[in-house]
Amino acid sequence: MRLIPVALSFILPTAAHASIGEVWQRVSWGESDAALARAFGDRATVLDRPIEYGDTRVHVVLRGVMLGGHEFNVYFQGDGSGLRRIHFERPRHGAVLGIYRDVVAALEDELGAPTRACDIPRRAPPDYQAEHVRLWRRAGGTVRAVFRDTTIQSSEGCLAEERSASSPCGLTGQIFVQISRDDVGC
């Protein structure tokens, strides 16, 4: 296992402009859930039941980590061989374009200009979400920031009774930042 040198701080700050490096530098790719929990001490929440992320599972979560002046939860995604991705995610109700811009600005301050930008405009019908992606490729990993726009009109996957409900049904906004050792694309 190789430790990824990104930042030298050993304390997770609560300052408004914390960096991804202050989480990333404390872990190693392939690290076990137990080692991740030890690395973050009482800041870490160890889940009784894992969260499934398709090809990975999450057993360890950090809550309230600041990125770009906004709170995110950090999910350490692992597979049978240990840590595979670090996933910062904003709660769905707080996923708006202004916050994404703050996050991208913070990442640019820390990592420089993105290596690549990929934007997918909203298409209608049936009102699919727009998506904005920024990638930073660095030694030891790729950082990927994603914003998926809220599209209340989209009813793909909604049940008939949900369409008539008073609350909106359809796709919701999403902001996340993933760090992966793999060279990922848009």
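The values are calculated or read from the model by the stated rules, or taken from the named source; none is laboratory data. What you see is a predicted model; the values in this text were computed from it and never measured. Every residue, glycine as well, gets a Cβ built from its backbone with ideal geometry; the counts of neighbours run over all protein chains shown.
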Residue pairs qualifying under the 6 Å Cβ cut-off, at least six apart or on distinct chains, with the first in the range 116-144 being under 18 Å from Val96 (Cβ atoms) and modelled with pLDDT under 75 and the second being surrounded by 18 or more Cβ atoms within 10 Å (Cβ to Cβ) and not polar (S, T, N, Q), are Gln129/Arg148; Gln129/Asp149; Gln129/Leu171
### Query
Does Arg90 meet the test of being more than 13 Å from Ser19 (Cβ to Cβ), modelled with pLDDT under 95 and in contact with a helix residue (DSSP H, G or I) (Cβ under 7 Å, 6 or more places away or on another chain)?
yes
Hey, Ser166 of a type in the set (S, T, N, Q), in contact with an Asp or Glu (Cβ under 7 Å, 6 or more places away or on another chain) and modelled with pLDDT under 65 or not: no
Quick count over the range 89-104, residues being surrounded by fewer than 22 Cβ atoms within 10 Å (Cβ to Cβ), of a type outside the set (Asp, Glu) and under 11 Å from the mean Cα position of the chain (by Cα), is 1
Whether any residue in the range 123-136 is polar (S, T, N, Q), outside any loop (DSSP other than H, G, I, E, B) and within 16 Å of Ile175 (Cβ to Cβ) is what I want to check.
no
- Task: Would you check if Ala35 is modelled with pLDDT under 95 and either at negative phi or of a type in the set (Asp, Glu) (or both)?
- Result: no
> Could you say whether any residue in the range 65-73 is surrounded by fewer than 19 Cβ atoms within 10 Å (Cβ to Cβ), in contact (Cβ under 8 Å) with a residue 12 or more places away in the chain, within 14 Å of Glu31 (Cβ to Cβ) and among the polar types (S, T, N, Q)?
Replying inline: no
Scanning the range 66-123 for residues that are among the β-branched types (Val, Ile, Thr) and within 20 Å of Gly185 (Cβ to Cβ) gives Ile86, Val103, Val104, Thr115, Ile120
